[in-house]
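Reading through the structure tokens given below for one structure.
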Amino acid sequence: MIEIDARPFPYSFDLGKAALVIIDMQRDFIEPGGFGESLGNDVALLSAIVPACQTVLSSWRAAGGLVVHTREAHQPDLSDCPPAKRNRGNPSLRIGDAGPMGRILVAGEPGSRIIPELAPRPGEIEIDKPGKGAFHATPLHNLLQQAGVTHLIFMGVTTEVCVQTSMREANDRGYDALLLEDCTESYFPAFKASAIEMIRAQGAIVGWTASSSQLLSRLDAAPARLPG
Ligand code: TIU
């Protein structure tokens, strides 16, 4: 059992029953020319967390932990994109339109790929999700249940949109969820701070938060989990 100095109180998990869930670290949100920028956001803010995410991913893999990567990405025919989502707001490019990195938020297009620094490896779970939450209309819950997972450690973007939605979905499905504070980012720093507060308020009403150094210090001391 690993115990992390988290807020609002310590977070304990068994490495064999935990997964590292990396939300939407894809070019569409991190690089210019994708969905994030089409919404009017400054994408430069988000790339700052990449080194911290890389360090955690590397240690988690070395410890033998299960990894889940998600992408917010629709089918090419947009059959899984509700008109309400496509028509929302006044973006310069809408979901499915041709942009500098291919069709915006469409599976398989260059913009939908996970950034190279965090590229998935064979054997890791990859989820294309049509919603903000990682559980809506995806096989994620079934896959985690089959693997006996009870605890989810989250990183990724953006904190108050896809990360927080996924944590709320996880919480309602009975998982204990932890957010790594320096491995998540928002286009709006105040929203990130508020989301972190909301998650851990009222006795971890949605989940726990901690710095990546807290996890790394315990992970590096944990015995490696045997594969299989
Ligand atoms: N991945 C994710 O958070 N999708 C978004 O649309 N986020 C925004 O902040 N717009």
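Label separation (Ser92 vs Thr55): 3.4 nm, computed from points 7 Å beyond Cα along the C-beta direction. Using just its DSSP H runs of length 4 or more, each adding -39500 (n - 2.57), the chain gives a mean residue ellipticity at 222 nm of -8000 deg cm²/dmol after division by all residues. Summed over the residues of the range 1-93 and divided among them, the accessible surface reaches 42 Å² per residue at a probe radius of 1.4 Å. Note on the chain: antiparallel DSSP beta bridges, both residues inside, total approximately 20 percent of the bridges counted. Based on protein heavy atoms only, the range 115-228 ends up with 45 Å² per residue of surface accessible to a 1.4 Å probe.
When both bridge partners sit in the range 1-90, DSSP labels roughly 40% of those beta bridges antiparallel.
Rolling a 1.4 Å probe over the protein heavy atoms of the chain, with every protein chain left in place, gives an accessible area that is 53 percent carbon and sulfur. Ranking Ile205, Gly111, Pro51 by Cα position along the charge dipole of the chain, where only Lys, Arg, Asp and Glu carry charges on their C-beta atoms, puts Ile205 farthest toward the positive end. Between Thr150 and Ile2, the simple label model (points 7 Å from Cα in the Cβ direction) yields a spacing of 1.6 nm.
When a/c reaches 1.5 or more, the comparison of a/b and b/c decides; with that in mind, is the range 95-134 rounded, prolate or oblate per its Cα gyration tensor? Oblate, since a/c reaches 1.5 and b/c is not below a/b. Computing FRET efficiency as 1/(1 + (r/R0)^6) for Glu126 and Glu197, where r is the C-beta to C-beta distance and R0 is 35 Å, gives about 0.65. Label the range 103-228 by shape, choosing from rounded, prolate and oblate, from the square roots a ≥ b ≥ c of the eigenvalues of the Cα gyration tensor; if a/c is under 1.5 it is rounded, and otherwise prolate applies when a/b is larger than b/c, oblate when it is not. Because its axes are fairly even, with a/c under 1.5, the range 103-228 counts as rounded.
In terms of Cα atoms, the Rg and Dmax of the chain work out to 16.8, 51 Å.
Once the gyration tensor of the Cα atoms in the range 1-98 is diagonalised, the equivalent ellipsoid follows with semi-axes of 33, 16, 13 Å, ordered largest first.
The values are calculated or read from the model by the stated rules, or taken from the named source; none is laboratory data. All figures in this text were calculated on a predicted structure; none of them were measured in a lab. Glycine also receives a Cβ, built like all others from the backbone with ideal geometry; neighbour counts cover every protein chain displayed. For accessibility, only protein heavy atoms count, side chains too; no ligands or nucleic acids. Shrake-Rupley method; radii C 1.70, N 1.55, O 1.52, S 1.80 Å.
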